[in-house]
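To start, the structure under review is shown below, and the notes come after it.
Laboratory data are not the source of any read-out in this text; all were calculated from the coordinates shown. Computed from a predicted model, the values in this text were never measured in an experiment. Cβ atoms come from the backbone with ideal geometry, glycine included; neighbour counts cover every protein chain shown.
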Amino acid sequence: MEWIALISTLGSVVIPPLFSLVKGIFGKGKGSDPEQTIGDLATTKPEVVAPYVQALSQYKEAEVHFFNRDIAGVPSTWVVDLRACIRPLSVILSFLILFMGIFKFVDVPPGVIVTCQVVIGNWIGTKIEVHS
């Protein structure tokens with residue numbers, strides 16, 4: 001069981017920054033950055049910068065409208081606060097459960113230990129920045 005815990009913890013720490021690195025290397029094609037495209041257009045074809053910016057703004061508005069399609073109005077403050085605290089609370093509770101298991105306050109099942117280690121490892125892994 002210790003091997004599963006070790007592998008899952010290392011995997012959850014290593015996978016997020018590795019994914020960011022691969023995405024940074026292979027995810028950006030030529031012209032995928034709007035600011036770079038605007039810069040290229042400004043130096044090569046300045047007459048099409050204004051229509052490009054207008055089309056880009058309409059595209060972004062459509063994305064926002066699509067993303068918010070299931071939200072009617074502005075969500076309540078408590079809903080926003082609750083959504084913001086879910087991940088920090090899960091990491092804190094994972095640490096608490098692991099410490100309670102280490103100091104034998106409670107008997108923590110192996111599956112719960114692995115889950116807590118994955119939650120903590122994933123949080124740590126997303127904090128590691130990889131620049132391509």
Cα-based helix-to-principal-axis angle, 2-26 vs the chain, degrees rounded to 10: 10
Total formal charge among the other residues, if their Cβ is under 15 angstrom from that of ILE113, Lys/Arg +1 and Asp/Glu -1: -1
Nearest-ten-degree value, helix 77-102 long axis tilted from longest Cα axis of the chain: 30
Virtual spin-label span in nm between THR44 and TRP3, 7 Å along Cα→Cβ: 5.4
Charge context of SER57, other residues only, Cβ under 14 angstrom, K/R +1, D/E -1: -2
Cα gyration tensor shape of the chain, rounded if a/c is under 1.5, else prolate or oblate by comparing a/b with b/c: oblate
